[in-house]
Each structure stands twice: as structure tokens, then as C-alpha cells.
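Shown next, in C-alpha cells, is the structure this report addresses.
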Amino acid sequence: MKRTIILLASLLLGAPSFGAGEGATLKAGIFEPARVAPDFTLQGSDGSNLQLSRYRGKVVLLGFGFTSCAAVCPITLATLAAAHKSLGAQGSEVQVVYITVDPQRDNATRMKKYLSGFDPSFVGGTGTDAQLAAVRKDYGIAAEKVAGPDGAFTHSSFIYLIDREGRIRALMPYGHAAEDYVHDVSMLLASP
Amino acid sequence: MKFSRWHWLAFLLIAGVLGPLAWAALTPLQFPSREEVFEIPKGTWARRMSGDKVEILPAQIRLALGVHDVLLLRNLDDVPQVFGPTIMMPGQSFRLPFEVASDYQFACTAHLSGQMTIVVEPQPLSPWARLRWRAISLWKAAT
């Protein structure tokens, strides 16, 4: 009711605009305060144990999806690949980590082949249902299998931006351009 | 020509309708802040555990570029909460600006549909756009 009254008052009275967005610098959504990204150990597409903490000192772009995804994942990964390329030498300080929501089909070999098609430096993560469910819970990721023959999933489609200290600083919703990633990653790389 | 009482009544009636419409169409949209704020109050988790159905985020949120284009979520509760597209720790806020008009779909387990939509409309610059935006907002606020 209070919100309704405030909205009505704003609409009817035309309250003065103070302008907002002060302090907002990233294109992505910002968490305040930033929390430490929960660590995990999964099977990496590079053949090793994939631990997030392995990438301390780098900016990590963390996403969730599956290799059979026909709509969202290919666009997101192509965008991340374009951003990674645009970063040039700075790209070596950035790591893309993509965790599957479809462990039945996405083994390490399949993920490596799929991700290499976008950028050979991208690392995928897979594991048991229980392992992956625990990671999704830690990161607030929704994933649900869609009834049908193709075994598709609906899933959270954003990318977490994790700074060099391993803190979740921001969340980039699906649909942002590569330039926005370059902008934000450059800022995170430059920030203390 | 002499105005009768009925003429005056009709004139006042028309002015009473056209005046607000003209105001709604011509006055630029302004808000105290560009942020649309949603907060999880302290004690929400306890209320949910006791069986209360607590709805905080609507399934659809409307924003307009340039005037009201930032979503601000705050978790004031004592436990982590899945809020909109993400999970938020106690005391944490999430501030999401929008720069492109579009419909943004987020998977959100807090809603029965499993989805939350944020409709970001272009900046309402034309009189018709302002009128439409105000009319829809009033309708949404009233229902």
C-alpha cells in the first residue's frame, strides 16, 4: 500500500528528479558488499580438478549452461569469446568457467570440444548430480529439465563477474554485448 | 452567443478530462530516484517457515529508460535469500542498471512460473508515450 501511494504521488505530483546511478560504474549489476565466491571442486574439461580458487589473481567470468543448448549458451559463449579476444593481452588475466547443468550428457571430453569451438582457453566443469546441485545452490542458479525429447534445460543465463580476490562483484544478465564485458572486466582488472 | 448553465457544465466536464490528459502527456516523467527498490524485510524467512505466503517481487516489473531504469534489491533478513535472478546474503544489495529497452527474463525460483520479467521501455519522450506510461502505471498501481 505504501509503495502504491509513493508511486501514485510520484506520478501525480511529478517529484523532482535527483538523478540516480551515482557510483554505478559497471554495466553489470553490482553486489554490495561483495561476498567471497564459494569454492568448488569439479571435473575440469582440461582434465584436471576444477577449483575456483585456482584462478585467484585473475578475473573469472562464471556461467552455467549445457552443451546441447540451442538458444542461450551459444550466444553467451560467443559473446564471451569476442570479449576475451578484444581484451588482447589482458585476456590472459581473465578466465571463463562454464559449469554444466546437464551432467548426464556433458562429460569433460564433450565440454572441452564444445568450449574450444568458442575459445580454447575456456574451462568447463562437470561432476555428479549432487556436486553440481550443491554448486548451483551456492550460487543461486536455477536449472530445470524441460519435458521433451531433446532433453533441454531452462537455466539461469547470467554471468558472474568474480574479481582477482575471489569476490563476486557483479552479475551480467543475458543479452549484453561483448563491449560491456570488456568495459567491466577492464575495470575489475584495474581495481585493487 | 450566450452560455447557458449546461454549456458551462459541459465545458467544465471537458476541461476536467482534457486538462489532466494534457498534463499527463506534456509533463516529463520524473521520479525521486531512478531506482525501483525491493527489500526483503527482516524476519521474512521466519514468516515463511511459519507458513505465511510472503510475496516481495512481482512476476513483472516495468522500468523506463532515462527516468526509472535501475533495479535495486536488498536483503535485510538474517539469512541468504534467492531474490529475483540471484542469491543474496544478509545485508547485501544488488543494483542492476538497464541501458537497452527490452524484455528481460530471469529464472526465479521465488515465482510459481519460475520466471521473472523486467520490462524496460524506451524513454517516454513523446506525449503519447508519457500518457501511455502513466496510464499503465496507474492501472498497475490500482490493481
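The values are calculated or read from the model by the stated rules, or taken from the named source; none is laboratory data. For clarity, every value in this text was computed on a predicted model and none was experimentally measured. Ideal geometry is used to build each Cβ from the backbone, glycine not excepted, and the neighbour counts take in all protein chains shown.
The condition of being closer than 16 Å to A:PRO173 by Cα and within 12 Å of another protein chain (Cβ to nearest Cβ) holds for only one of B:VAL119, B:VAL70, that being B:VAL70.
Quick grid of which residues meet (1) within 30 Å of B:TRP128 (Cα to Cα); (2) within 24 Å of the chain's Cα centre (by Cα); (3) within 14 Å of another protein chain (Cβ to nearest Cβ):
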site	(1), (2), (3)
B:TRP8	yes, no, no
B:LEU12	yes, no, no
B:GLY16	yes, no, no
B:TRP23	yes, yes, yes
B:LEU26	yes, yes, yes
B:PHE31	yes, yes, yes
B:ARG48	no, no, no
B:GLN60	yes, yes, no
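Restricting to the stretch A:57-88, name every residue that is modelled with pLDDT under 95 and out of contact with any strand residue (DSSP E or B) (no Cβ under 9 Å at 6 or more places or on another chain). Once the filter is applied, which keeps residues that are modelled with pLDDT under 95 and out of contact with any strand residue (DSSP E or B) (no Cβ under 9 Å at 6 or more places or on another chain), the stretch A:57-88 yields A:ALA70, A:ALA71.
The condition of being under 12 Å from A:LEU62 (Cβ atoms) and not hydrophobic (A, V, I, L, M, F, W, C) holds for only one of A:TYR181, A:TYR174, A:TYR160, that being A:TYR160.
A single member of A:ASP129, A:ASP138 is acidic (Asp, Glu) and away from chain B (no Cβ under 14 Å), and it is A:ASP129.
The residue of the stretch B:88-115 that is modelled with the highest pLDDT, among those that are small (Gly, Ala, Ser) and closer than 18 Å to A:SER157 by Cβ, is B:SER102.
Of the set (1) surrounded by fewer than 12 Cβ atoms within 10 Å (Cβ to Cβ); (2) touching a helix residue (DSSP H, G or I) at 6+ places or on another chain (Cβ under 7 Å), all apply to B:SER4 but (2). Against the list (1) on the phi > 0 side of the Ramachandran plot; (2) touching a residue at least 24 places away in the same chain (Cβ under 8 Å), the condition B:GLN30 fails is (1).
Could we say that B:ASP69 is in contact with a Pro (Cβ under 7 Å, 6 or more places away or on another chain), at pLDDT 90 or above and surrounded by 15 or more Cβ atoms within 10 Å (Cβ to Cβ) here? When the stated conditions are applied, B:ASP69 passes them.
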